[in-house]
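**Q** My questions all concern the structure below.
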Amino acid sequence: MLKFKPIIVLAAILFAVTLLIPSLLVLPFMEEKAGGKLGEELQSEAKDVAAVPTADSAVEVAVYRTALSKTEKLPLDEYLIGVVAAEMPAEFELEALKAQALSARTYYVKQMLSPNKVGVPEGAQLNDTEIHQVFKNKEELKKQWGVDYKWKMKKIAEAVKATDGQVLTFDGAPIDATFFSTSNGFTENSEEYWSNSLPYLRSVESPWDLQSPKFRNQTVMTVSEVESKLGVKLPNSPEIGKVISRTTGNRVAKIDIGGKVLTGKEVRDKLGLRSSDFTWELKGSNVVITTEGFGHGVGMSQYGANGMATEGKNYQEIVKHYYKGVEISEADSMLTKVTAKK
């Protein structure tokens with residue numbers, strides 16, 4: 001066995017360490033540079049993604065603020081957030097909010113492609129009332145929601161973004177995406193409430209609405225008030241009027257009151273009822289009116305949409321239940337036409 005002198009062994013160790021030191025010193029810097037470069041690339045990529053505009057953000061909306069008598073301009077995505085926030089509770093399921101966002105965007109595109117602009121002054125596209133769609137801006141929502149503003153805004157913005165650039169179409173054209181609060185268990189055929197018969201606005205079952213807090217309501221009016229508003233003389237009997245016919249959605253179609261025939265819609269409008277599905281009875285000098293449902297009943301029920309979402313249905317399934325035979329289409333070409341019309 002060979003024996004090495006201690007001095008030789010020490011020299012060998014020092015030589016090896018001398019060779020390793022440059023590598024040990026350089027390696028951390030090499031990793032830092034590599035990590036830094038990768039980090040820069042990721043940050044750059046994130047910036048690029050964030051900088052890509054959505055289909056909605058590229059379109060400007062001019063909404064007339066009726067209470068302020070002025071026109072407010074903002075991107076379509078911000079407008080839709082303000083509409084969904086004003087029209088549907090933020091507490092609703094996310095999929096229901098997505099369905100509402102899709103309906104709201106479709107309504108806007110349909111309105112913009114229409115040659116007739118009703119209820120707006122020059123320079124405005126639509127107003128912020130029920131005539132078109134109720135809208136509230138961020139400042140108004142902050143006052144309304146208070147401490148809940150952040151989470152509600154985030155949730156609704158998510159719903160709008162998830163449906164970015166999508167509209168509901170029938171035969172390639174945007175539909176009249178009407179909606180309302182609560183049905184009486186069924187939605188209504190369009191021609192049984194309005195004049196136009198539209199193939200996608202058909203009566204469908206909506207059993208989820210029976211759980212809505214707005215499903216049933218009772219109103220008390222004096223006999224003289226009812227007679228004055230309806231232009232009739234109420235018979236002095238428990239049976240105030242005789243229902244002649246009902247709609248497909250089981251609302252009052254026509255009713256005979258003391259020899260005068262009125263539509264259920266006329267009675268609802270003139271008395272300010274929540275629904276045209278009503279029953280009433282005479283109690284002394286008062287008329288007690290009970291309604292089921294809240295709204296015109298045509299199109300998508302909002303509480304029905306939330307009920308479907310609670311059961312696990314997605315927004316595509318929801319809208320295709322309430323709007324028959326429709327497709328969910330990309331609105332690129334339609335939004336281009338809207339932009340070109342400005």
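**Q** Among the numbered criteria (1) closer than 30 Å to residue 57 by Cβ; (2) out of contact with any helix residue (DSSP H, G or I) (no Cβ under 9 Å at 6 or more places or on another chain), which single criterion is violated by residue 242?
**A** Only one criterion in (1) closer than 30 Å to residue 57 by Cβ; (2) out of contact with any helix residue (DSSP H, G or I) (no Cβ under 9 Å at 6 or more places or on another chain) is unmet by residue 242, namely (1).
**Q** Of the residues in segment 174-191, how many are more than 19 Å from residue 132 (Cα to Cα), touching a residue at least 40 places away in the same chain (Cβ under 8 Å) and outside any loop (DSSP other than H, G, I, E, B)?
**A** Going through segment 174-191 one residue at a time, the tally reaches 1.
**Q** Right, another one. Looking at 227, 188, can you tell me which residue is of a type in the set (D, E, K, R) and surrounded by fewer than 17 Cβ atoms within 10 Å (Cβ to Cβ)?
**A** Checking each option against the conditions leaves just 227.
For (1) over 15 Å from the mean Cα position of the chain (by Cα); (2) surrounded by 18 or more Cβ atoms within 10 Å (Cβ to Cβ), each residue gets a yes or a no:
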position: 82; (1), (2): no, yes
position: 88; (1), (2): no, yes
position: 108; (1), (2): no, yes
position: 114; (1), (2): yes, no
position: 130; (1), (2): no, no
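**Q** A further question on this structure: Kindly provide the set of residues from segment 159-173 that are closer than 14 Å to residue 101 by Cα and either part of a strand (DSSP E or B) or of a type in the set (A, V, I, L, M) (or both), ordered by number.
**A** Within segment 159-173, 159, 160, 162, 166, 167, 168 meet the criteria.
**Q** Moving on to the next point. Name the residues in segment 168-192 that are hydrophobic (A, V, I, L, M, F, W, C) and under 12 Å from the mean Cα position of the chain (by Cα), would you?
**A** Initial filter on segment 168-192 (hydrophobic (A, V, I, L, M, F, W, C)): 168, 170, 173, 175, 177, 179-180, 186.
Of everything in segment 168-192, those that are hydrophobic (A, V, I, L, M, F, W, C) and under 12 Å from the mean Cα position of the chain (by Cα) turn out to be 177, 179, 180.
**Q** Just the residues that are of a type in the set (A, V, I, L, M), more than 14 Å from residue 261 (Cα to Cα) and under 38 Å from the mean Cα position of the chain (by Cα), please, taken from segment 222-241.
**A** Once the filter is applied, which keeps residues that are of a type in the set (A, V, I, L, M), more than 14 Å from residue 261 (Cα to Cα) and under 38 Å from the mean Cα position of the chain (by Cα), segment 222-241 yields only 226.
**Q** While we're here: Cβ contacts < 6 Å: first residue more than 10 Å from residue 219 (Cα to Cα), restricted to segment 272-283; second residue among the aliphatic types (A, V, I, L, M), any location; separation 6+ or different chain. Result?
**A** Within 6 Å, the pairs are 276/252; 278/289; 281/288; 282/240.
Bear in mind these aren't lab numbers, they're just calculated from the coordinates by the rules spelled out. Here the structure is a predicted model, which means the values were calculated and not measured. Reconstructed Cβ throughout: ideal geometry from the backbone, glycine too, with neighbour counts over all protein chains shown.
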